[in-house]
Each structure stands twice: as C-alpha cells, then as structure tokens.
1. So what's the projected area for region 1-96, the Cα convex hull averaged over all directions, in nm²?
2. Calculate the spin-label point distance for D211 paired with D114, positioning each point 7 Å from the Cα along the beta-carbon direction, and give it in nanometres.
3. Give, in nm to one decimal, the length gained when the segment between D78 and A188 is fully stretched (0.36 nm per residue of separation minus the Cα-Cα distance).
4. Using only the heavy atoms of the protein chains and a 1.4 Å probe, how would T41, T302 rank by accessible area, largest first?
5. Given a cut-off of under 8 Å on Cα pairs at least six residues apart, what relative contact order in percent is computed for the chain?
6. Can you list the residues of region 116-147 with backbone N under 18 Å from a point 7 Å past the Cα of A67, pointing along Cα to Cβ?
7. Under unit Cβ charges (Lys, Arg +1; Asp, Glu -1), what dipole magnitude, rounded to 20 debye, does region 5-67 have relative to its Cα centre?
8. Over the Cα atoms of the chain, what radius of gyration and what Dmax do you get, in Å?
Amino acid sequence: MTTRRLRADSRGIAEAAVALRAGRLVAFPTETVYGLGGLATNPLAIAQVFAAKGRPSHNPLILHVAAVSQAASFAVLDARARQLAAAFWPGPLTLVLPLAEGADIAPAATAGLDTVAVRVPRHPVARALLEAVAGPVAAPSANRSGQVSPTTADHVLADLDGLIDIVLDAGPVEVGIESTVLDLSGPAMRILRPGGVTREAIEAVIGRLADGEAGAGEPLRSPGLLDRHYAPRTPLRLDAVAVAADEALLAFGPAPLPGAAVTLNLSPSGDLAEAAHNLYAMLRALDDVGARRIAVMALPRTGLGEALADRLRRAATP
Ligand code: TXA
Ligand code: MG
C-alpha cells in the first residue's frame with residue numbers, strides 16, 4: 001500500500017472521512033499526538049489498527065468522538081463523567097467508562113473489556129474529521145507499539161509508511177504528550193495515565209482522586225501501561241547533575257549542564273507546557289545523534305511535570 005500524505009484542508013479531511021467510513025486507516029492530528037484512526041464499529045478496520053501498530057490484542061484503544069452525545073451512544077456517563085466532560089471536552093482527557101449494553105463497537109477495540117475509553121479531541125482537524133465520519137474512531141498514537149509517539153506527520157510516516165492509507169498533515173501538534181486517562185468505571189476515580197490535563201485541574205473540578213496507578217498486587221487496570229514504552233533506542237539516564245562527553249543532553253531550564261556532545265533544551269525558560277510540546281521530537285532527534293546515552297535533567301513533578309516524569313521513566317526502563 002502507498003500511504004498518501006494529504007494536506008489537512010477541507011478536501012483532505014473529506015477524503016480521509018470517506019476512507020475511514022470505508023474501513024481504511026487514516027492517521028490524523030489531535031492536540032496531543034497524531035492518532036492512527038480506524039472506524040470503531042468495523043471489526044476489520046480495528047484488526048488492521050492492531051496489525052499496523054504491532055500492538056498486543058489485550059491493549060484496548062481510545063475511541064474518539066465529536067461530542068458528548070455521541071459518546072453516550074456506546075458508553076455510560078454518570079454525573080461525574082458529565083461534569084468532567086463539560087469541564088474538559090473537547091480536550092486531552094480520556095474517560096474510562098462502562099460500555100453500554102448492546103453498544104455497536106467492535107469487541108477488539110475494547111480488548112473484550114466491559115469498559116471503554118473515550119475522548120473528544122480539540123484539534124480543529126480532528127473535530128472536523130470526526131464530524132464528517134459521524135461515528136466513533138478508534139485511535140491509538142500513530143507509532144509502532146513501544147516507540148516514541150508522533151507529534152508530526154513525518155514521525156507518523158517514519159513508523160507507518162506503507163501500512164496506512166492516509167496521513168492528514170497539519171504540522172506539529174500543540175500539547176505533545178498523550179491525553180490523561182482517568183478511570184471512572186468504578187467508585188474510585190483514578191488516573192491510569194497522567195497526560196495533557198493535570199491532576200490539579202481535574203481535582204479542582206471533581207475533588208480528590210485516588211492515589212497513583214494500580215499498585216503491585218492490584219490488577220493492571222490499564223492494560224497498555226507496560227513499563228517500557230515511549231522508548232528511544234539510545235539508553236536514557238534520568239535526573240542527571242553532570243554529563244559525560246559521549247552523552248547527549250536533554251536539558252530543562254535556563255542553566256543546561258555543560259559538557260555534552262549535543263544538547264537540546266526542552267524549555268530554556270522552564271515552562272512545562274513547552275517541555276511537553278518538545279519532548280517526543282527532541283527524544284527522536286537525540287536518538288539519532290549516535291550518543292552512548294541521553295542524559296536528562298530533572299524537571300518539576302507538579303502539573304504537566306507528572307506526565308513528563310511518567311514518559312521519561314518509561315523511556316528509561318531497559
Ligand atoms: O492523546 C491520546 O490519548 C492519543 C491520541 C491519538 O488521542 N491516543 C493514545 O492512545 O495515546 P494509545 O492507544 O496509545 O493509549 C491508550 C491508553 C492505553 O494506555 C490503554 O491501555 C488505555 O488507554 N485504555 C484504553 N481503553 C482502556 C480501558 N477500557 N480501560 C483501561 N485503560 C484503557
Ligand atoms: Mg501510545
């Protein structure tokens with residue numbers, strides 16, 4: 001298959017919507033990262049999403065919709081879910097909800113679970129595409145499983161050229177790290193994956209969340225949260241306070257450590273949103289310089305720092 005790169009104008013979006021409805025795969029920009037879309041009601045399309053990504057079948061997908069009303073056709077939204085949707089949709093928050101009885105969703109999309117992850121993205125291209133498709137689009141990040149998530153159409157093609165029909169190119173995305181996945185399927189509200197909406201912002205709307213991810217001994221609530229993920233090939237060394245001459249440096253703040261072979265700075269001004277925006281592209285770039293290791297300076301752990309720390313910890317897991 002030849003993958004077509006289409007400009008994300010109204011013509012490109014219309015063509016992409018036709019392809020999705022026909023069961024073909026389309027990578028498209030969301031505000032977080034590029035997604036690898038397949039129509040969630042079509043079992044063959046969903047099988048192809050898993051195959052193109054090389055994703056294990058036990059790891060369920062996020063369903064993307066244009067509006068809350070559409071989510072309600074296959075997921076059960078309680079008062080908490082409606083309050084959070086009103087506050088954060090469209091935007092980078094994914095809610096894990098009970099799957100509605102008789103929902104027309106390919107079972108493979110939810111990995112056969114009785115819960116479903118859903119979000120309404122705010123990127124204008126994603127919104128226009130979802131409105132045109134008028135059905136739920138399953139979209140994991142548009143990278144091969146375990147690799148660094150794509151924030152540009154070039155990143156998508158580096159991993160998936162020839163495996164998908166279309167990539168809609170709208171340039172670099174805004175947020176740069178994936179959505180926050182919040183479990184609302186039971187009484188305890190828990191962040192399964194920190195991301196583009198901070199814990200602090202969610203708690204300001206809904207009150208205190210349960211602590212942390214599922215701990216040791218508890219069942220893995222988010223089957224995709226394998227420890228190693230988002231990983232470049234070059235080993236990472238976190239919280240560096242000094243750098244060796246054969247290391248590359250991923251710096252943060254106004255005083256990057258001296259002495260690295262190559263340095264990229266996530267945010268010279270120390271801004272966490274800018275750091276999130278730059279993280280994956282800089283990891284990819286440093287992965288290509290042939291350094292023995294990538295040293296990473298410490299970042300604050302509050303706000304978006306929680307998601308950044310999570311991605312860096314996973315990328316550093318051997
Ligand atoms: O920002 C994002 O969320 C991007 C863009 C494209 O929207 N998508 C994304 O999808 O990051 P993916 O497939 O790479 O990550 C989905 C995460 C995985 O950790 C998966 O295990 C979790 O959501 N997930 C999906 N359905 C779930 C469910 N029913 N219960 C618990 N976790 C679920
Ligand atoms: Mg992913």
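1. Numbers: hull surface 28.8 nm².
Mean orientational projected area (region 1-96, Cα hull): 7.2 nm².
2. 3.0
3. Values: separation 110, 0.36 × 110 = 39.60 nm, distance 1.32 nm.
Separation in residues times 0.36 nm, less the Cα-Cα distance, equals 38.3 nm.
4. Numbers: T41 50, T302 90 Å².
Result of the area sort, largest leading: T302, T41.
5. Numbers: 732 pairs, mean separation 63.9, N = 318.
Relative CO of the chain lands at 20 percent.
6. 119-137
7. Numbers: 7 positive and 3 negative charges, 35 e Å.
Dipole of region 5-67, to the nearest 20 debye: 160 debye.
8. Answer for the chain, Rg first and Dmax second: 19.1, 60 Å.
The values are calculated or read from the model by the stated rules, or taken from the named source; none is laboratory data. What you are looking at is a predicted structure, and each value in this text was computed from that prediction instead of being measured. Using ideal geometry, Cβ is built from the backbone for each residue, glycine included, and neighbour counts are taken over all protein chains shown. Calculation scope for accessible area: heavy atoms of the full protein, side chains included, ligands and nucleic acids excluded. Shrake-Rupley method; radii C 1.70, N 1.55, O 1.52, S 1.80 Å.
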